[in-house]
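The values are calculated or read from the model by the stated rules, or taken from the named source; none is laboratory data. Owing to the predicted nature of the structure, the values given are computational and were not obtained by experimental measurement. Positions of Cβ are backbone-derived with ideal geometry, glycine not excepted, and every protein chain shown enters the neighbour counts. Please note that ligands, DNA and RNA were not included when accessible areas were found on the heavy atoms of the full protein model with its side chains. Shrake-Rupley method; radii C 1.70, N 1.55, O 1.52, S 1.80 Å.
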Amino acid sequence: RFDEFVRAVCTIGRDSRAIFLWDLGNEPFPTWGEWFAFLAENVRAADPNPAHGTIVSFAALPEFIENRVFENPLIDVVGYHPYGVFRQNMAVWTRQARRIATPPHSDRQKPILATEAGSPGILMSYEDTFDQLRAEGVGFMPWVAVIDDRRGRLPFQFGSGIVFHDGELRDLPAAQAMQAVAREDGVLPFQLAPLREKRDLTGWVEPTFPPGRGI
């Protein structure tokens, strides 16, 4: 039934210009190499659109070298999560991602993408993270860009998230940094309304390290 679900979703999305990548798995176990090959075949059979790539995103890249996940020509992009308190952590992650994206670890030279970037709760400001990844020449997706707090609670509860679902802000410097990047890339050529920080939600600023959480 899982295979049917994958085929149904990818068949519906194959003609959509809104699809960027099909994410085959997020932070998977190192033993899933053969399963990714099977899944990639299902995705590509249902969606042969060459504009839609495939990606697998890892949180522990060294563990996947032996599995040769990216030797599979049906997997197009190496995703990684460069977390760490220091800038050097991000630099090391990026070097390792590029290594795995290069033959013989991959079937060809593949692009890399930081599919999770930034986390103030572990002392990584968004704006500094974005600056460093831009300097490294790496695209990124913030963790978390939009906060869905309609259920009355915030995800992960330790300082992540930039914009609330209603458009007001939790993190003004991060939002300004995102806008700057978008303008540089030509994504936002129009004038934006002034940014608004949310001030009327009691307790929305969570402590960086809640009680019981150590460094």
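Structure notes:
- Net dipole in debye of the stretch 1-137 [+1 Lys, Arg Cβ; -1 Asp, Glu Cβ; about Cα centre; nearest 20]: 280 debye
- Proximal charge balance of Glu116 [Cβ under 13 Å; K/R count +1, D/E count -1]: -2
- Exposure of Thr11 as accessible area (Å², to 10), given a probe of 1.4 Å and all protein chains: 60 Å²
- Heavy atoms of Glu4: accessible area, 1.4 Å probe, square angstrom to 10: 110 Å²
- Formal net charge of residues neighbouring Val43 (Cβ-Cβ distance under 14 Å; K, R +1; D, E -1): -3
- For Arg95, the accessible surface of its heavy atoms amounts to roughly 140 Å² (probe 1.4 Å, protein chains only, rounded to the nearest 10).
- Counting only Cβ charges, +1 for Lys and Arg and -1 for Asp and Glu, the dipole size of the stretch 61-134 around its Cα centre is about 240 debye.
- Global form of the stretch 5-49, assessed from the alpha-carbon gyration tensor, a/c cut-off 1.5: prolate
- Of the chymotrypsin sites (Phe, Trp or Tyr not before Pro) found in the stretch 9-52, the ones in coil according to DSSP and having at most 16 other Cβ atoms within 10 Å of their Cβ are Phe20.
- Within the stretch 1-76: Cβ-based charge dipole about Cα centre, in debye rounded to nearest 20 (Lys, Arg +1; Asp, Glu -1): 280 debye
- The listed residues His52, His165 rank as His165, His52 when sorted by accessible area, largest first, using a 1.4 Å probe.
- Each Lys or Arg adds one and each Asp or Glu subtracts one; over the other residues with Cβ under 12 Å from the Cβ of Thr102, this totals +3.
- Ordering Asn72, Thr115, Thr31 by the projection of their Cα atoms onto the charge dipole of the stretch 19-123, which places +1 on the Cβ of Lys and Arg and -1 on the Cβ of Asp and Glu, puts Thr115 at the extreme positive end.
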